[in-house]
Each structure stands twice: as structure tokens, then as C-alpha cells.
Amino acid sequence: MRPPYRPTLTRAPCSFCGASFSTTAARRARKQAKLLPDSPARTRFAPSPTGYLHLGSLRTALFNYLLAKRTGGQFLLRIEDTDQKRTIAGAEQRLCEDLQWAGIQWDEGPVVGGPYGPYRQSERTSQGIYTKEINQLITTGHAYRCFCSQERLDALAKHRIDMGLPPGYDGTCKGISPEESEERAHNGEANVVRLRVTGPFPMFTDFVFGKTGQGQAASAGRLNSQLSDPILLKSDGYPTYHLANVVDDHHMKISHVIRGTEWMSSTPLHIALYNAFGWEPPAFGHVPLLTEKSGQKLSKRNVDIDISHFRDEKEIFPEVLDNFTALLGWSHSRKSDVFSLKELEQVFDLKLTKGNTIVSFEKLWFLQSAHAQRYAAEGGPEAESMVNRIGKAVKEQYTDEQLAPLLKHHTLHEHIASIIREGGARSYTNATKFIEDNKSFFTASLNRPPYTPVTPSPPKKIVQPEPEPETPQTTPLTILHTAAAALCLVPDTHWTTETHRQNISYLNNATDGTSPPAPSTSEKQFRKDLYHYLRWALSGGAPGVSIPATMAILGREESVRRIQEARGMTLSMVQQGQEEGKGVEGGDGFGKAEAGSWDALKREVMAGGRS
């Protein structure tokens with residue numbers, strides 16, 4: 001029987017160091033290298049000031065920015081304001097502010113300038129840049145003046161619709177001689193300039209979709225007629241989007257263009273224009289649509305995807321929105337989806353997906369929490385901003401009198417910073433939610449639910465013929481009262497997170513028979529019961545910051561008060577269902593406990609507290 005075929009992996013030496021690598025690995029490396037250009041990329045973001053920055057346009061800007069940064073190139077901002085009728089006052093300033101808030105700073109463009117300005121198309125129009133280039137096309141025969149009136153064009157459009165034909169121009173003015181055309185224009189006769197289309201628009205290679213173009217152009221609503229002879233220069237002297245876009249990209253030496261697939265149908269026309277000018281076109285890549293979970297396109301008119309909505313109402317961190325946006329159509333090989341902007345600049349490539357991208361805002365909140373934890377651990381301006389935002393919200397909810405019992409040894413700023421540092425940012429979404437999750441640190445009045453003991457876990461069944469292990473019993477409340485009281489013996493000078501951590505560890509490991517756990521309670525069950533009781537006593541059962549850190553943040557006086565209060569609330573349970581231990585009064589007046597147990601605990605805790 002013939003053995004299965006196994007290809008032999010030849011090994012090719014590295015031209016730099018001489019080491020050998022399998023051809024499979026070499027091919028993989030070459031494939032990865034193709035995901036980035038060989039030279040620094042010059043990219044641009046070219047919004048129209050007809051609206052504000054939204055999630056889709058932020059993604060376009062971010063991808064172009066990251067490609068430039070990843071390759072050591074330049075990122076440009078260009079304002080395409082040729083549609084004067086739709087321009088919104090203040091939109092340009094808002095676009096710039098939103099980009100800067102997101103950390104996307106342009107190397108060339110408005111405000112910062114650059115060698116290829118001006119960077120507003122209205123200013124470029126007034127300088128005659130487009131007129132000069134359009135005259136060149138007319139001279140070479142690639143464009144011609146059209147003197148058809150609007151009435152004739154409207155009648156032509158109606159006729160084509162009645163005939164079931166696609167919209168387009170019939171080429172009436174194509175036959176006008178250059179001399180006649182020049183004279184009529186010189187005499188002031190209104191005209192537009194059209195591209196002379198003589199055949200199908202050219203194909204192009206998209207670095208996301210591969211070779212494409214003809215099918216896209218044939219199915220597009222605006223460009224589905226190869227005889228449409230699209231207008232390049234309007235009668236008012238302003239360029240259309242197509243002309244200005246091509247001319248500006250060429251003059252500004254743009255090497256790569258990343259934009260949405262809604263512009264894919266225009267790209268064959270743009271390639272045709274580049275060919276008419278005799279220019280080398282940039283590399284084009286089109287990213288898919290952003291859709292809702294229903295599959296419907298995410299509308300840019302939806303206020304919920306406006307950048308200001310994320311920033312001002314949802315309180316999303318800039319890097320979180322960048323991180324979230326980068327994952328909308330870009331894939332990576334790292335284990336974690338959490339990226340800072342600097343990390344994105346270092347790892348971004350052109351591994352962009354072809355299919356439409358569903359926007360799941362659950363991921364946004366996951367990233368918000370993940371970055372909040374990172375900021376808390378690293379400190380810095382981001383953590384400071386988070387503390388300030390929370391502090392402002394706290395002052396709106398609580399008075400100085402309500403906060404005073406909790407701020408005896410530090411400021412509100414220090415108080416919030418310690419909560420964040422000790423784990424309060426673990427589920428952070430915004431300031432209001434943070435205060436709600438950590439309410440016990442901002443008010444001395446706890447609304448505790450009735451105390452409910454932890455249900456012991458059933459023992460694991462033993463396969464061997466041995467006696468079934470006994471189910472651990474819940475730790476008696478008397479023991480929990482004693483343990484909690486013992487923790488309060490630590491003086492103010494040693495009231496720290498580390499001290500409490502050590503003391504709770506002593507309690508958990510106590511096995512000398514004179515201190516918890518009780519004979520019928522396992523060490524594991526005692527540990528579970530103690531933490532459960534202390535969390536209920538100190539924070540009303542709210543999860544979050546660890547018990548040792550909670551005691552340190554609250555301070556000795558407030559912690560003792562809460563533990564005393566909790567004991568009083570559970571005494572009735574002791575009297576109804578359990579026997580109160582006989583012995584001496586313990587420590588700070590927490591009631592009676594077994595003398596041996598209390599003395600042992602006191603010795604251990606005091607030793608730990610002063611170590």
C-alpha cells in the first residue's frame with residue numbers, strides 16, 4: 001500500500017543572517033509583508049463640512065491615519081467644501097475638534113498647514129487649480145464644454161426614463177469644434193465641462209476586494225451608462241467631487257486611499273480621470289458597510305453614532321472609541337482585542353474584511369471597562385481625567401455633610417483615586433454608573449438587605465468505598481461576629497490594606513482548635529462565610545473592591561461603625577436559631593464570644609496588625 005504523500009519542506013537561507021527557514025514560513029512572512037506597502041504611505045481624510053463626524057467617517061479617518069503611522073508616512077486632512085449649498089456653519093471646526101479629541105492629529109491640513117496646500121477645496125478653487133487642469137483635459141480632447149440648457153437636460157432625462165433607459169447624456173455637444181467651443185465660452189455662454197467617455201471605464205485592483213471595476217460601474221446608479229459623460233466642472237466654476245478629488249489627491253501626492261464601499265462605484269471613473277491626465281492613481285481599498293444587528297445600514301443621520309454622543313453623553317474614552325472603531329472591519333492575530341492608540345499604530349495592517357460589519361455596542365462597553373482598568377493601573381492623565389469626571393458627578397449627588405464622615409483623612413480626589421486603584425474600575429462604564437456601583441464609599445447610610453448566610457457547597461462524591469464526606473455547615477454567626485470584631489482591633493497607625501489582608505489570612509488559616517473555623521465548618525466554608533459577612537457588613541453586599549481595601553478606604557472609625565451596626569442587625573438571628581457563646585465582652589464592645597476563641601484571635605490579629 002502506497003504511503004500518504006507528505007511534501008518536503010525545503011529550507012531557504014535568509015539573505016540577511018544566513019539562517020534557514022522553511023518555504024512555508026517564508027511564504028507566510030511574504031504574505032504578511034504584502035499587507036503593508038513597501039514605502040511610507042501618504043493618506044488623507046477628506047470630509048465635507050455638510051455634517052458632523054460619525055462612527056463611519058471616524059473609521060475612515062482612523063484607518064488612513066493608522067496606515068500612515070504604521071509605515072512612517074503622513075496623514076493629511078482635506079476639507080472638501082465645494083458643495084456650498086449644503087455646507088453647515090461651524091461643521092469644519094467641529095470636525096477638527098472631534099478628530100483631535102480622538103487623538104487623530106493630521107500632519108498636513110487646516111490649522112497646521114503643509115507644503116501642498118491650501119487644504120480647503122474652496123480656496124483651491126479660487127486659486128484656479130481645477131480650471132487649469134480642466135483646460136489641460138480640453139486641450140488634449142479628453143473633456144469638452146457642454147452648452148445644453150437645464151431645460152433640455154431635464155427633457156432628455158424624462159425621455160430616457162420613459163424609454164426605460166438608464167440616466168445619461170446623449171453627447172449633443174461632443175461634436176462642437178474646439179474653436180467654436182472656446183468662442184462661445186469666451187462670450188460668456190453658460191457651460192459645464194464633461195469628461196469624454198469613449199469606452200468602458202477601466203478595471204482596477206482594490207487591495208481589499210482584488211481586481212474589480214467594470215461590474216461595479218455597470219451596476220451603479222450614478223455611473224451605469226458608459227456614455228454618461230459625467231460633468232467635471234460646473235457652470236459656476238466649482239469642480240464636481242470627482243474632479244476635485246482626483247486633482248487634489250494627485251497634487252498632494254496621496255499614495256493610498258481607504259474609503260467606504262459606497263464610493264466603490266465612483267472609483268472606475270476616477271481611474272479613467274487619472275488615465276486622461278496621464279497620472280499614476282493611488283492604491284485604493286474599500287471597507288465594507290457598518291450595519292445594525294438587523295443587517296440594515298447604520299445611518300449616519302442617527303444621533304447615536306455621532307462622535308459627540310459617545311464623548312459627551314456616553315462618556316466614552318477617546319482610546320476606547322478608537323479601539324472599538326478599529327475592530328469594525330480590521331482583523332488581527334493578537335489574543336486580546338484591547339489596544340491603545342499607540343499599539344494600534346504599531347500593529348495595524350491592511351488585513352481588512354470584505355463583508356459588511358455588524359456594530360455591536362456590547363463590545364464598546366467591554367473595551368471601556370478594560371481601558372478603565374488599564375488607566376487605573378498605569379495612572380497618568382487618563383486616570384486623572386476619570387477621577388475628575390467622577391468627582392464632578394459625586395458633588396452633584398452628595399453634599400459635603402454627607403461625604404464628611406468618609407473623608408476624614410483625605411480629599412474627595414484621593415478617595416476616588418483609591419477606589420479606582422483598588423479595583424473599582426473593574427466594571428467602569430461612566431461616572432454615574434461608577435457611583436452607583438460604589439455607593440457604599442460615598443454615603444454612610446447603607447441600605448443593607450436582610451443577611452442571608454451562604455449556602456454550603458455539596459461535597460464531591462468519592463468513588464472509593466469510603467464514608468461519604470459530611471456536608472460543610474454554615475459558620476455560626478457568633479464566630480463571624482468574633483472574627484469581624486477581631487479585625488477591628490488594629491490601630492489607626494496600622495490600618496492599611498496589607499494589614500487587613502494579612503489578618504484575614506490569619507483567620508482563614510486558624511486551625512488550632514481555639515479559633516475559627518468551628519469543628520463542623522471547613523476552612524473553605526469559613527473563608528467563604530467570612531468574606532460574605534464582611535462584604536454585607538461593610539458595603540451592603542455590593543461586589544467590587546476587595547474587603548481589605550474596602551476597610552482601608554473607609555478608615556477605621558467608619559469600618560468599626562458599620563461592623564457594629566451589622567452585628568446589631570443579626571443578633572436576632574443568633575437569638576432565634578443559634579446559641580450565643582458564653583464568655584467575656586470582646587474588644588470594642590461587640591458582645592460576648594468564646595473566651596478561648598476571642599483571646600486567640602486577638603493575639604493573632606494584633607500580631608499581624610503590628611508586624
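Any read-out appearing in this document is the output of simple, stated calculations on the displayed coordinates, not a laboratory observation. Just so you know, these numbers come straight off a predicted model, no measurement behind them. Virtual Cβ from ideal backbone geometry, glycine too; neighbours counted across all protein chains shown.
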In whole Hz, what ³J(HN,Hα) sequence does the range 106-111 give by Karplus (6.51, -1.76, 1.60; θ = phi - 60°), x for Gly and Pro?
-> 7, 7, 9, x, x, 6
Once you put a point 7 Å from the Cα of residue 161 and another 7 Å from the Cα of residue 50, both along the Cβ direction, what distance in nm separates them?
-> 2.0
Can you give the Rg and Dmax of the range 379-441 based on its C-alpha atoms, in angstrom?
-> 10.9, 30
Out of every Cα pair in the range 129-287, what percent are spaced more than 23 Å from each other?
-> 40
Gain in span if fully extended, residue 86 to residue 179, counting 0.36 nm per residue against the direct Cα distance = 29.9 nm
Plugging the Kirkwood radius over Cα pairs into Stokes-Einstein for the range 30-90, at a temperature of 37 °C and a viscosity of 0.692 mPa s, what D comes out in µm²/s?
-> 251
Count charges around residue 446 for me, please; just the other residues with Cβ under 11 Å from its Cβ, Lys/Arg as +1, Asp/Glu as -1.
-> +2
Nonlocal amide H pairs with residue 206, under 5 Å, H built at 1.01 Å = 211, 212
Mind listing the phi-derived Karplus ³J(HN,Hα) values for the range 379-391, rounded to whole Hz, using 6.51, -1.76 and 1.60 with θ = phi - 60°, and x for any glycine or proline?
-> x, x, x, 5, 5, 4, 4, 5, 4, 5, 5, 5, x
Interchain or long-range residues, amide H under 5 Å from residue 256's placed H = 42, 283
Can you bin the range 60-132 into rounded, prolate or oblate? Criterion: square roots of the alpha carbon gyration tensor eigenvalues sorted a ≥ b ≥ c, rounded for a/c under 1.5, prolate for a/b above b/c, oblate for the rest.
-> oblate
Distance in nm between pseudo-label sites at residue 279 and residue 385 (7 Å out along the Cβ direction from Cα) = 3.7
May I ask you to order 285-291, 357-363 by the average number of other C-beta atoms within 10 Å around their residues, highest value first?
-> 285-291, 357-363
Going down the table (395/439; 211/335; 408/528; 211/297; 297/433; 392/439), which pairs top 21 Å between alpha carbons?
-> 211/335; 408/528; 211/297; 297/433
5 angstrom amide H check on residue 358, placed H, neighbours 5+ away = 291
How much length is gained on full extension from residue 127 to residue 336, taking 0.36 nm per residue of separation minus their Cα-Cα distance?
-> 70.3 nm
What list of ³J(HN,Hα) couplings, whole Hz, do you get for the range 484-495 from phi and the Karplus terms 6.51, -1.76, 1.60, once you set θ to phi - 60° and write x for glycine and proline?
-> 5, 5, 4, 5, 7, 6, 5, x, 3, 5, 10, 7
Based on the Cβ-Cβ distance from residue 38 to residue 565, what FRET efficiency comes out when R0 is 60 Å, to the nearest 0.05?
-> 0.30
Shape call, the range 420-460: gyration tensor on alpha carbons, a/c limit 1.5 = oblate
